[in-house]
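Asks: Would you mind keeping the following structure in view while I ask a few things?
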Amino acid sequence: MKYDFDEVIDRSCSNDLKHCVLQRRYGRADLLPLWVADMDFATPPFVVDALRRRVEHPIYGYTATPDEFWTAIQRWIFDHHQWAVERDWLTFVPGVVKGIGMAINVFTNPGDRIIIQPPVYHPFRLTTLGNGREVVNNPLCAITANGTLTGYRMDLELLERQAADPHARMLIMSNPHNPGGIVWDRETLERVADICDRNNVVVISDEIHCDLALFGHKHIPFATVSEAAARCSITLGAPSKTFNIAGIVSSYAIVPNADLRRPLFKWLAANEFDEPTLFAPIATIAAFTQGEEWRRQMLDYVEGNIRFVEDFFRDNLPKIKPLRPQASFLVWLDCRPLGLSHAQLTDLFVNRARLALNDGAMFGPGGEGFMRLNVATPRCVLREAVERIALALK
């Protein structure tokens with residue numbers, strides 16, 4: 001089946017976050033929104049059909065979790081990442097960010113230090129601070145060629161010193177990285193595992209973008225790189241980014257080490273956070289058992305959108321330099337060569353180009369001067385967005 005990713009779908013009556021909070025967050029509602037990380041593509045028809053069949057049944061009572069929910073997750077992970085996840089290692093969590101917050105409460109105490117690697121997904125910082133823990137920044141190091149950003153690497157020497165702090169309890173890692181789109185290599189992950197395992201630092205590996213590897217890159221699950229990684233890690237994942245079902249919360253945690261698994265799973269069960277809602281297993285099973293062809297076509301389209309953005313900026317706005325993502329549909333735009341302050345850059349995109357993007361400063365140190373662009377949208381919409389930027393810069 002050939003799927004249509006060029007279709008423009010009106011989301012105005014769906015109460016979608018992307019449009020509904022523009023006035024509150026950006027100060028105006030007449031913006032083209034390419035910020036929050038969901039897609040403007042239709043959710044795959046096999047997912048919609050599975051949900052529709054269940055909706056047509058007139059009773060929405062308490063529901064048992066089908067065994068196929070777990071086997072679908074296990075089979076998908078093994079087929080795509082060659083990781084044989086045992087059933088006992090798996091549990092449902094009501095969202096990846098919520099899972100991070102729950103792990104923070106189980107394994108750390110107020111005042112403990114939690115390491116993050118900015119510029120990085122901002123809820124890592126907000127969830128840590130909101131739970132009364134201290135954020136320790138382990139900034140990523142920019143890799144450049146001829147003055148152009150080409151990627152990031154981890155500062156593992158600094159991480160070694162930070163993890164040795166007796167008050168350091170946890171590292172929250174974005175794998176693949178958001179917003180940079182970096183697929184971390186095996187050697188880096190092995191060194192992170194060795195450092196954290198030796199220092200009794202729990203690693204929360206957010207792998208929600210793991211099925212969105214692009215341009216020949218391959219995601220490596222953190223817990224698979226070594227015995228140390230398996231001992232110290234909690235992996236969080238979901239089908240939501242890949243299949244555009246973020247509104248149907250269907251996340252999971254994978255914990256190979258029983259010493260970590262027992263307290264976390266016990267706490268989740270005691271608070272009934274480990275019980276999926278009615279539609280989560282239905283959507284997940286449909287996505288993970290029928291979704292491979294749709295995923296491949298979607299990624300091909302996203303790669304085309306990324307190339308389009310690269311070509312447009314090179315030919316029309318060479319001072320804005322997109323970092324090609326190795327995974328995800330988010331493009332990290334380096335706008336520093338424009339020489340604008342943060343306020344000026346925000347004004348350019350919001351008030352002059354009338355676009356809603358995520359400004360880089362929200363991702364922490366190292367994000368200043370950047371914008372994050374969501375390219376999971378029909379190409380005609382993306383063309384309008386970049387043309388607005390070009391017109392605004394004139």
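The values are calculated or read from the model by the stated rules, or taken from the named source; none is laboratory data. Quantities reported herein were computed from a predicted structural model and do not represent experimental measurements. Here the Cβ is made from the backbone with ideal geometry for all residues, glycine too, and neighbour counts use every protein chain on show.
Asks: Name, by its number, the condition in (1) of a type in the set (A, V, I, L, M, F, W, C); (2) closer than 23 Å to Gly111 by Cβ; (3) buried (at least 16 other Cβ atoms within 10 Å of the Cβ) that does not hold for Leu140.
Replies: Status for Leu140: all satisfied but (2).
Asks: Is it the case that the stretch 18-36 has a residue that's within 24 Å of the chain's Cα centre (by Cα), in a loop (DSSP other than H, G, I, E, B), within 26 Å of Asn178 (Cα to Cα) and free of Cβ contacts under 8 Å to residues at least 24 places away in the same chain?
Replies: We begin by selecting, within the stretch 18-36, every residue within 24 Å of the chain's Cα centre (by Cα); these are 18-22, 24-26, 31-36.
Then keep just the ones that are in a loop (DSSP other than H, G, I, E, B); that gives 21, 31, 34-36.
Checking which are within 26 Å of Asn178 (Cα to Cα) leaves us with 21, 31, 34-36.
With the extra rule that they be free of Cβ contacts under 8 Å to residues at least 24 places away in the same chain, the set shrinks to 21.
There is at least one residue in the stretch 18-36 that is within 24 Å of the chain's Cα centre (by Cα), in a loop (DSSP other than H, G, I, E, B), within 26 Å of Asn178 (Cα to Cα) and free of Cβ contacts under 8 Å to residues at least 24 places away in the same chain.
Asks: Now for a separate question. Kindly indicate whether any position in the stretch 364-379 is in a helix (DSSP H, G or I), crowded, with 17+ Cβ neighbours inside 10 Å and either touching a residue at least 24 places away in the same chain (Cβ under 8 Å) or not hydroxyl-bearing (Ser, Thr, Tyr) (or both).
Replies: No, there is no match, as no residue in the stretch 364-379 is in a helix (DSSP H, G or I), crowded, with 17+ Cβ neighbours inside 10 Å and either touching a residue at least 24 places away in the same chain (Cβ under 8 Å) or not hydroxyl-bearing (Ser, Thr, Tyr) (or both).
Asks: What number of residues within the stretch 349-363 are in a strand (DSSP E or B) and either touching a helix residue (DSSP H, G or I) at 6+ places or on another chain (Cβ under 9 Å) or among the hydroxyl-bearing types (Ser, Thr, Tyr) (or both)?
Replies: Matching residues across the stretch 349-363 total 3.
Asks: From the list Glu190, Glu207, which residue is of a type in the set (Asp, Glu) and touching a Pro at 6+ places or on another chain (Cβ under 8 Å)?
Replies: Every option except Glu207 fails the conditions.
Asks: Out of the stretch 331-348, which residues are surrounded by fewer than 21 Cβ atoms within 10 Å (Cβ to Cβ) and part of a loop (DSSP other than H, G, I, E, B)?
Replies: Matches in the stretch 331-348: Gly339, Leu340, Ser341.
Asks: Then there's this: State all residues of the stretch 74-113 that are among the β-branched types (Val, Ile, Thr) and crowded, with 18+ Cβ neighbours inside 10 Å; if no residue qualifies, say none.
Replies: Those that are among the β-branched types (Val, Ile, Thr) and crowded, with 18+ Cβ neighbours inside 10 Å: Ile77, Val85, Thr91, Val93, Val96, Val97, Ile100, Ile104, Thr108.
Asks: Still on this structure, I have one more. For the structure I just gave you, tell me whether Thr284 is assigned to a helix (DSSP H, G or I), touching a Lys or Arg at 6+ places or on another chain (Cβ under 7 Å) and either closer than 30 Å to Arg231 by Cα or of a type outside the set (Phe, Trp, Tyr) (or both).
Replies: Details: assigned to a helix (DSSP H, G or I): yes; touching a Lys or Arg at 6+ places or on another chain (Cβ under 7 Å): no; either closer than 30 Å to Arg231 by Cα or of a type outside the set (Phe, Trp, Tyr) (or both): yes.
In short, no.
Asks: Right, something else. Within the group Pro118, Pro94, which residue is closer than 30 Å to Gly366 by Cβ and either modelled with pLDDT under 95 or within 16 Å of the chain's Cα centre (by Cα) (or both)?
Replies: Pro118
The rows are residues; the columns are (1) surrounded by 14 or more Cβ atoms within 10 Å (Cβ to Cβ); (2) within 22 Å of the chain's Cα centre (by Cα); (3) closer than 30 Å to Leu393 by Cβ.
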position: Asn271; (1), (2), (3): no, no, no
position: Leu278; (1), (2), (3): yes, no, no
position: Ala287; (1), (2), (3): yes, yes, no
position: Gly291; (1), (2), (3): yes, yes, no
position: Arg295; (1), (2), (3): yes, yes, no
position: Asp300; (1), (2), (3): no, yes, no
position: Phe329; (1), (2), (3): yes, yes, yes
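Asks: Let me ask another. Against the condition assigned to a loop (DSSP other than H, G, I, E, B), in contact (Cβ under 8 Å) with a residue 24 or more places away in the chain, more than 26 Å from Arg296 (Cβ to Cβ) and out of contact with any Pro (no Cβ under 6 Å at 6 or more places or on another chain), how does Pro263 come out, does it pass?
Replies: Considered against the rule, which asks whether it is assigned to a loop (DSSP other than H, G, I, E, B), in contact (Cβ under 8 Å) with a residue 24 or more places away in the chain, more than 26 Å from Arg296 (Cβ to Cβ) and out of contact with any Pro (no Cβ under 6 Å at 6 or more places or on another chain), Pro263 comes out as no.
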